[in-house]
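Take a look at the structure below.
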Amino acid sequence: METTHISDVELGELVKTTLPRLIFITGKTCTGKSTFAKSIIPLGYEHLELDFVVRESVVNKFEESKGGKAFSVYKGEAPKEWQDSFEAAAKKLIVEKLTQSKVIVDAALATPEVVGRIFSGELADFMFVYLHPFDATFYNEYIMARLINDIETMGRSFPIWDFMTAEAVDDYRRNGKAGEKIMRIVKEYGEQSIKTSVERYESFKSVYPNILLVGR
């Protein structure tokens, strides 16, 4: 993977000077997509999180009680009727919002094919931003903080829960974030996520050569 990239601060300056009509920002969980998107709202952007579209167009529409499965639409691996419903709803919403303001779309879309079907036609001209966790230590701290918030609020906000166990949660309850079990899960999840992020970026880069690589 190439190492030449810009920081989130530099990205903010670039957006401020160019003010693109449409921005799509993606990357693995805990890389700061929503944080950056919210930071440019004062520049006249509406922030669209496609997680909401998944819930409306797949979870609610098809009565899919296990919402996690619905997010396979991000990888293009959902049943065709789910995939079509999500992509049509996402595109329609973006088009509608662009009649009112500039838009930044935040979603962990995982393949060029899914991106290409949504950002096509009148949406084909967009700034494509990819956030990658270059600093593994910082990334693990971010993952740990989000995991702890999930534990304390009884949430399940990202895929690390596929690897969590009752023993690991108990380890956190007894030892905090210094617990051996929870530290191991965070480290292993972070390593795998970084590896997947590299592969995902390379896949996007082969189709979208002007993609902006951003990280810290």
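Quick note: the coordinates plus some simple rules give every number you see, no bench work behind them. Quick caveat, the model's predicted, so the values are computed rather than measured. Here the Cβ positions follow ideal geometry from the backbone for every residue, glycine too, while neighbour counts run over all protein chains shown.
Please go through region 3-79 and write out the GluC sites (Glu not before Pro) that DSSP classes as loop and that have at most 11 other C-beta atoms within 10 Å. Before the final figure, lay out the partial values.
Values: sites: E10, E13, E46, E49, E56, E63, E64, E77; in loops: E63, E64, E77.
Passing sites in region 3-79 are E63.
Given their separation in residues at 0.36 nm each and the Cα-Cα distance between them, D8 and R173 gain 56.0 nm when the chain is fully extended. Restricting region 1-103 to chymotrypsin sites (Phe, Trp or Tyr not before Pro) that sit in a DSSP loop and have at most 16 other Cβ atoms within 10 Å of their own Cβ leaves F62.
Between F163 and R21, the distance separating the two model label sites (each 7 Å from Cα on the Cα→Cβ line) works out to 4.2 nm. The fewest-to-most ranking of D51, D84 by surrounding Cβ atoms within 10 Å reads D84, D51.
If you add up the charges near L14, with Lys and Arg at +1 and Asp and Glu at -1, over every other residue whose beta carbon is less than 15 angstrom from its beta carbon, what do you get?
Details: positive: K16, R21, K102; negative: D8, E10, E13.
Its environment carries a net charge of 0.
Mean-square fluctuations from a GNM of the chain, with a 10 angstrom spring cutoff on Cα atoms, peak among V15, V58, V129 at V15.
Panel order for T35, T99, by other beta carbons found within 10 Å of each beta carbon, from fewest to most: T99, T35.
Find the percent of Cα-Cα distances in region 67-121 that exceed 13 Å, and round it to a whole number.
Summing the P(r) of region 67-121 above 13 Å gives 60 percent of all pairs.
The alpha carbons of region 137-190 give a radius of gyration and a Dmax of 9.8, 26 Å, in that order.
State the answer as a single residue: which of F62, S120, V207 lies farthest towards the positive end of the charge dipole of the chain, with beta carbon charges of +1 for Lys and Arg and -1 for Asp and Glu, about the Cα centre. Checking the options against the dipole of the chain, the answer is F62.
Please give me, ordered by residue number, the trypsin sites (Lys or Arg not before Pro) of region 108-207 that lie in loop per DSSP and have at most 16 other Cβ atoms within 10 Å.
Numbers: sites: R117, R146, R156, R173, R174, K177, K181, R184, K187, K195, R200, K205; in loops: R156.
Qualifying residues, ordered by number: R156.
Among the listed pairs K75/K187; K38/K92; K102/K187, which have their C-alpha atoms separated by more than 32 angstrom in this model? K102/K187, as the Cα separations exceed 32 Å there.
Taking the square root of 5 times each eigenvalue of the Cα gyration tensor, what semi-axes in Å does the equivalent ellipsoid of the chain have, largest first? Working shown, then result.
Values: eigenvalues 169, 95, 51 Å².
Output for the chain: semi-axes of 29, 22, 16 Å.
Straight-line reach from K181: taking Cα to Cα under 25 Å and skipping same-chain neighbours fewer than 8 places apart, the lysines in range are K28, K195.
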